[in-house]
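Structure first, commentary second.
Every number in this text was worked out from the coordinates using simple rules, so none of it is lab data. Predicted model only: the values in this text are computed from it and were never measured. Heads up, the Cβs are rebuilt from the backbone with ideal geometry, glycines too, and the neighbour counts pull from every protein chain shown.
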Amino acid sequence: MAKFTFDVDPEFLRSLGRLADVDRIAPKMLDEAVPILEANVKVEVSKHKRTGNMYKSIKRTKTRKSKNGAYYVMVRPTGNAATYMDNQGKIHERAKPYPNMSILAHLEYGTSNISPTPILTKAIEDSRKAVYDKMQEVFNREVDK
């Protein structure tokens, strides 16, 4: 799974730290910004779509609070692929369903037979500014209330 990190303006963090209702604002920021990342992940995955199983399985999780108090949300493939496409383009049933997340990891990082294709890395980089801007917009809107 790809890790999404970004540098946040220190003044923004100070403002956020001063708020009494961080627990109300932080989930809203993530909830409104994550569709941007989800759309970009789907765009990148669609470029490598063969059977469509993984593309259809990409979903976001609910916003949650971790044990250390940080809020997070994930965009990832869910479920298992029951079919695969061979080199000739023919679709076959798999003997045993294979997790879509594992297939994406193989694509992202490569294997001994597959060279890496940075799908998640590109989606994250393409989303970074738009996600940050959306989070800033939500923060400003909520603080001004």
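Annotation: amide H-H contacts under 5 Å for THR83 (H modelled 1.01 Å from N, sequence separation of 5 or more, or interchain): ARG94. Counting only DSSP H runs of at least 4 residues, each contributing -39500 (n - 2.57), and dividing by the residue count of the chain, the helix-based mean residue ellipticity at 222 nm comes to -17000 deg cm²/dmol. When its C-alpha radius of gyration is set against 2.2 N^0.38 Å (N residues), region 62-142 gives a value of 1.53. Judged by the mean number of other Cβ atoms found within 10 Å, the most tightly packed of the peptides 110-119, 28-37 leads the ranking 28-37, 110-119.
Compute, for the chain, the length of the dipole vector about the Cα centre, with Cβ point charges of +1 (Lys, Arg) and -1 (Asp, Glu) only. Units Debye, rounded to 20. Once rounded to the nearest 20, the dipole reads 580 debye.
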